[in-house]
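The block underneath contains the structure these notes are about, expressed in C-alpha cells.
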Amino acid sequence: MRKHILPILAILLLTALFLSACGAPATPEPTPVPPTKPPPTAVPPTATPKPVEPTAVPEPKGPPDLTGETITIYHFGDLSGPYAAITGPLIHGAEDAVKAINEAGGIYGAQLEVKFSDTGGSVDEAVAAYDRFTSEDDNVLIMIMYGSGEAEALAPRLVEDKIPGLSAGLSSQAFYGKESGYTFGLGPIYPDQIGYTMKYIVDNWTDLKPENAGDEVKLAYLSWPTAFGQGALTDESRAYLADLGVEIVAEETYDVSPAADTTMAILTAQAAGANVIWTNTLAFGPAVILNDLNSLGLRGDFVVAADNWAQDLSLYAFLADPAYGVGLITPFPYLWWTDTDHPGIQYAQRIFEANERPAAEHNVGYLLLVAGVDIAKTAFERAIDTVGYENLTGEAVYQALQELGEYQALGGVFRADYANGSRSPHESQIRMIKGGPDAFTVIQDWSQTPDLRPKN
Amino acid sequence: MNWQLLPQFTISGLLAGGPIALMALGLVLIFKSSYIFNFAQGQLLLLGTLLTWWLAVGLALPLWLAIVIALAASAVLGLLIERLTLRPMTGQPLLSIILMTLALGQFLQGMALLLFGGTQRNFPQMFSAANPYKIVTPFIYNERNIQIILKQNLVWSFVVAILGVVLIAAFFRFTRTGLAMRGASEDHELAQSIGLRINRIFGISWAMAGVVATVGGVLLATSSGLDLNISLLVLTAFPAVLLGGLESIPGVIVGGLIIGLSQGLVSASTVQFIRNSAEIMPYVVLMIVLLIRPEGLFGLKRIERI
Amino acid sequence: MTLLRPAGEFDESYASDMATIRRPWQWVALGLFLAAIYLLPSYASQNTIALVNRIAISVIAVQGLNLLTGYTGQISLGQAAFMTVGGYTSALLMIHMEWSLFVTLPLSALAAGVVGLIFGLPSLRVKGFYLTMSTLAAQFIIPWFTRNAFPDLLNGAQGLNVPVPVLFGVAINSPQRFLYLTITILIITTVVASNAARSRLGRAFVSIRDNDLAAELLGVNLYKYKLQAFFLASVYAGIAGALSAHYLRHINSESFGLADSIILLGMLIVGGLGTNLGPFLGAALVEFLIELATLAGPFLGKIAPSTAAGAVQALRPLFFGAALMLFLIFEPKGLAHRWQLIKAAWRLRPFSH
C-alpha cells in the first residue's frame, strides 16, 4: 500500500495544475450588451443637496461608450466563520445589484462584475485575499469589506496602493486611524452609534426606564472580545457618555457564538446596578442576551440597546421566542424593507424577488449592499466623467467618492457623508422593535449623530 | 470578591460542570480501552449534533426520533473512524496517533462546513427558556436574602449529563461486556490471550464515545443554538479528564465539577481581569495539575522500565 | 544524511564526514537555487511571491518544532502561541521604542524563548501526552493574555497595527521586498538548525527521543536538554511570528491559533520528522494544498452551487486533514524519507533491492 502515496501525490499535483489552468485566464464571457446608451437606472439617485461643481471638465463631450469593457468590484467577507449569517446576504445583495445594473445598461455600457473571496472572518485571510486581488489586477478600483478587524488591518494598505474601500465594519480606527484615509463607511462609526443612541435614551429616560430603575442611566457594556465587539468604546465616546451623565458600571465580554452563556455577564451587570445594556455585535449577540435575560427573569430590569447590525431579521433565527425581541433599541442608518412607499426600497425589493432569494436573506446585509453598489456605481460614473475611462484608477474613484459628499444612495435608503474629511455617515434614525418580526419602528427620525471621530 | 454573586456563581458553575463531565467521559471511554486520546471528539460532537438538527429541522422529524437516529448514526461513525483511521495506526508511536486524531478533527470540521455551511442555527428547545428555578438562600446582602436564579436548561442538562455518566459507569461495573472492556484496558496482550476480542472492544468504545458526544452536543445546542464552533467546547473537557485521571470514569464527574466551579468562582471576582480569566480557568487548573499531580486525582501512576 | 553514496567515495577527515555539502557541484546547485529564489521578483507574479513568503515563514516555525518534536520527541501543540509572543514583542518594540528590525527580531525571539521555557517546565515531571496538554494550555493562555492584560499596551482583542520595518532606508512593505528579508533569515535559521542537530546538542536530543530513561542513565541531563529544546523551538517560533506580524502588518490574539499549531505539526509530519529537509518539503506541500483549496473552492462552487458558501474555508481543513491522514497511514516518515528512497533507488539502479 505504501507505494500508492506517489500516485496519489501525482494526482493531487495534476489536479492542482488543472485547476490553476482553469482558474487563471478568467475570460470575460461575452454578455449580450444592449447597444443603446445607458438608460436611466431604475432609481435615479437624487443628486446631492449641494451640487458639487464638476471640477474643470477637460472638454464637454457626450458620455463615452464603454461597451465591451468590464469594471470589477473586489469583495471579501466571511462566509464560513462567525459572521456568516450576515455576510451571506451581503454578498448576494452585491451580486444581484450588479446584475440589475448590468441589465439596465451597466456603466456607460461597461459591465460590472464582482469578485469575491471568503476570509472566514480572519485577518490573515483578508490580507492574503488582498494580496491575491492586487496581484491579479494592478488597477483595482474599489474593495468592499465587512469585518472591523479586516478593515483596520487593510486601511494602511489601501492608502499605500490608493484603492478606496467601502467597509461595513465600522470601527473608528479603520476610517480615522493614523494610517487610514481610503476607507469609507457603510454606516456611522460605532462610537457615534453608542453616543447617538445613549443620548436618545437619556433624553427619553422617563418613558424608557425600567420599573425599578432610578433616575441615573447606568450602562453595562456587554459585548464580544473582538475588534468589532469593543469598537464602540473609545476615548471620545467615553468622554461623550460621561458628559451625558451616563456612568459605565460594567464592561463584560462573552463568546462570539450563538451558544454563548451571558448569565454571568448579566448578573455581574445587575450587581453593579446597571439599567441599560449595550452590546456591539451582530444579531446573535443581543439574541443570547435577550434569551438569557428572559430565562433569568430579568428582562424587566434593563433597557437593551445595540449597534445597527443587531436590529435585523437574523435576530429571529436565534431568539428562543420572537417576543423576546420587543424593546430592542438600535440606531438605524438606512431605511427598512417595510418602507414600501420609498422608490429605493421598491427597487431593492424588485431585485430581491427577481433573483428569488430566500426569505432569510431579506435582511440588512442585502439591502445595504444594494445601496453600497449604487454608491460604487455613481462613483465610477463620476470618475469616468472627470478623468475618462482610460485614466480610471483607484485614486480617481477615491476623488469621486469624496466629491459625492452627502450622497443619498438609492434616493435616500442610505445617506453617505464623504465630504470634508468625513468618511462615514453622520445621520441615522433610531428604531425599536415593537411587536412581531420586521416591526422595526422609527422612534427617532433621521437626525445628526454626534461626531466622535478620534482626534489624531 | 462579589459576595452577593458568590452563591449564584458557585451553583451555576457546578451545574455547568455536568456537560463538561459528559464530554470528558467520551474522551475517557476511548483512552481507557485503547490508550488513544481523541482530539477529534469535538468534531464527533459537532457532526452528531448537526445530524440531529438536520433530521429534526430539515426533515421535520419529531425531536426524540431525530435524536435516536442521530445517536445510532454517531455510533456507526465512531466505529468507522476506529476501523478506517486508527486500526491502521496500531503500534505507531504516540505522536503519530495524536496527529491522526488531530488530522481527523480537521477533516471532519471541513466536512461539516462543506455539508452544512457555516451559518449558525437555532436548535429545537427541549427545556423551557422561561420560568427559571429560583432558590432563596439564607445569606443576607443589602438586607435581602440572596436569590439564586437557575435556567431550566442548565439544571436539566446537568441532570441528563450526570445520569449518562452514571449509566456508563454502571455498564462497566455490572455487564459482561463492561467487565471485558475493563479487563482489556489493563493489558491488551493479556486480554487477547484469555480470549477477549480486543478489536471488538475498541470498536464498542468508539461507538459509545460517538453516542456520548452527540448527547453532549444536543444538550449544549438546545440551551442556545448551534454553530461550528461548538466543537471547540470539548477543549474545556480536556483539563477535566486530566484532573479526574485519564482512566477514571468517576473522575470525570469530579473533574468536570471542579472545572465548572473554578470558572464560576473567578466570575464572582470584582476584578475584571480575574473575571475574564473564567475562559482559561480549565487550562490554569490543568497546568497546576500537571505540576503537582500529573496522574490526576483518580488516575493510575505508571512506572516505567527500560 | 546520506543513505547511500557511490562506491569509492570516502570521507578522509572529520570535517568531510560531517559536511552537509560534499561536492563542488552541490555548491553550484545551491547557488543557482538561491539565485533563482532571490530573483523571483523579476519573473514571478506577486501571488507566487506571497506564497513563497508564507512558505518561508512556515518553514522557520516548523524548523523550531522539528528540534523539539522531531529530534527531542516532545510533542508541542503550542508552537503558534509562541509565534504570538514573538509577533507582539517585535510590534511593541517597534511602535514604542522605534527600534530597527535588527534589534526587535532577536529580542522577540528571546521573549518567545523565555515564554516557551515557562510552558516547557512541566516537561520536568511529565512527558508524552501530558506534555502535549501543557503546550495546549499555552495555546489558550497566551492569546487570552494578549486580549486581557495591559489593555493600554496590547490594545485588547483589537490587536496592534504592526509597523512596516525599514531596513537600510527601504520600507519593507511589499511581498517582493519582504522576500529578501524572509529568505535571508531562513538561510540563517537553516544553518543554525542543521548545526544544532548534528552537534552534541542534537545527539542529546535524539537520545532523549529514542529512550529518555536510557539517555538519563548514560549521563544526559534530561531537564537541561528538554528545556533547551523548548527554548530553541520557541525562539524559532518567535522569529517566524515576528516576520509574519510585520508581513501582515497586523496582529491580534487570533492571528496564530490552535489550528495553526496543528498545521505546523502536520507540516512536520508530512515533510519528515528529524530531518533538515523535512520542514521545507512539508511546509511547501501543505501551503500548496491550502493554495489548491483556494483555487478549487470557486471551481467546486460552479459544479455544486449548494456547497459554494464557504467552500474554500471548508476545503482547506478537508485537504489538510486528508493529506495528513494519508501520510500517517502510508508514509509516516514523510516526504524527506521518500526523497532518500528515490535517491537510493537511483543510485542502485538497475538493482532496485
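Observations, loosely collected:
- Out of A:Ile375, A:Ile384, one residue alone is of a type in the set (Val, Ile, Thr), under 30 Å from A:Leu315 (Cα atoms) and not in a loop (DSSP other than H, G, I, E, B). It is A:Ile375.
- Exclusive hit being in a helix (DSSP H, G or I), more than 14 Å from chain A (Cβ to nearest Cβ), in contact with a Gly (Cβ under 7 Å, 6 or more places away or on another chain) and farther than 18 Å from A:Ala259 by Cβ, set B:Leu242, B:Leu196, B:Leu190: B:Leu242
- Pairing each residue of the stretch A:234-256 that is over 24 Å from A:Ala174 (Cα atoms) with any residue that is assigned to a loop (DSSP other than H, G, I, E, B), provided the two are 6+ apart or on different chains, yields C-beta distances under 7 Å for A:Gly245/A:Val217; A:Val246/A:Val217; A:Glu247/A:Glu216; A:Val249/A:Ala272; A:Val249/A:Gly273; A:Val249/A:Ala274; A:Ala250/A:Ala272; A:Ala250/A:Ala274.
- For the stretch A:279-308, the candidate set comprises residues that are within 26 Å of A:Ser171 (Cα to Cα) and hydroxyl-bearing (Ser, Thr, Tyr); within that set, the residue that is modelled with the highest pLDDT is A:Thr279.
- Tally, over the stretch A:151-168, of residues that are in a helix (DSSP H, G or I), closer than 11 Å to A:Phe76 by Cβ and either more than 10 Å from chain C (Cβ to nearest Cβ) or touching a strand residue (DSSP E or B) at 6+ places or on another chain (Cβ under 6 Å) (or both): 1
- Restricting C:Ala196, C:Ala157, C:Ala215, C:Ala233 to residues that are touching a Phe, Trp or Tyr at 6+ places or on another chain (Cβ under 9 Å), surrounded by 23 or more Cβ atoms within 10 Å (Cβ to Cβ) and more than 14 Å from chain A (Cβ to nearest Cβ) narrows the list to C:Ala233.
- Evaluated against (1) touching a helix residue (DSSP H, G or I) at 6+ places or on another chain (Cβ under 8 Å); (2) assigned to a helix (DSSP H, G or I), A:Phe184 falls short on exactly one condition, (2).
- B:Leu25 away from chain A (no Cβ under 13 Å) and surrounded by fewer than 24 Cβ atoms within 10 Å (Cβ to Cβ): no
- Residues in the stretch A:191-240 that are among the hydroxyl-bearing types (Ser, Thr, Tyr), outside any loop (DSSP other than H, G, I, E, B) and closer than 28 Å to C:Thr146 by Cβ: 3 in all.
- Matching residues in the stretch C:100-154 - criterion: being of a type in the set (S, T, N, Q) and either facing chain B (nearest Cβ under 7 Å) or part of a helix (DSSP H, G or I) (or both): C:Thr104, C:Ser108, C:Ser123, C:Thr132, C:Ser134, C:Thr135, C:Gln139, C:Thr146, C:Asn148
Let's see how each residue does on (1) touching a residue at least 12 places away in the same chain (Cβ under 8 Å); (2) among the hydrophobic types (A, V, I, L, M, F, W, C); (3) under 30 Å from B:Pro62 (Cα atoms):
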residue: B:Leu102; (1), (2), (3): yes, yes, no
residue: B:Tyr133; (1), (2), (3): yes, no, yes
residue: B:Asn153; (1), (2), (3): yes, no, yes
residue: B:Gln192; (1), (2), (3): no, no, no
residue: B:Ile204; (1), (2), (3): yes, yes, yes
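- Some residue of the stretch A:352-364 being under 23 Å from A:Ser424 (Cβ atoms), at pLDDT 90 or above, surrounded by 19 or more Cβ atoms within 10 Å (Cβ to Cβ) and not acidic (Asp, Glu): no
- Answer residue from the stretch A:219-255, given it is surrounded by 24 or more Cβ atoms within 10 Å (Cβ to Cβ), touching a Pro at 6+ places or on another chain (Cβ under 8 Å) and closer than 23 Å to A:Met145 by Cα and is farthest from the other protein chains (Cβ to nearest Cβ) among those: A:Ala232
- The stretch C:3-45: number of residues that are farther than 21 Å from C:Thr275 by Cβ and modelled with pLDDT under 80: 10
- Qualifying positions in the stretch B:206-218 - surrounded by fewer than 24 Cβ atoms within 10 Å (Cβ to Cβ) and in contact with a Phe, Trp or Tyr (Cβ under 9 Å, 6 or more places away or on another chain): B:Met208
- When residues in the stretch C:230-285 are screened for being assigned to a loop (DSSP other than H, G, I, E, B) and either modelled with pLDDT of 90 or more or not basic (Lys, Arg) (or both), 12 of them pass.
The values are calculated or read from the model by the stated rules, or taken from the named source; none is laboratory data. All values derive from a computational prediction rather than experimental measurement. Counting neighbours? That spans all protein chains shown, and the Cβs are built from the backbone with ideal geometry, glycine included.
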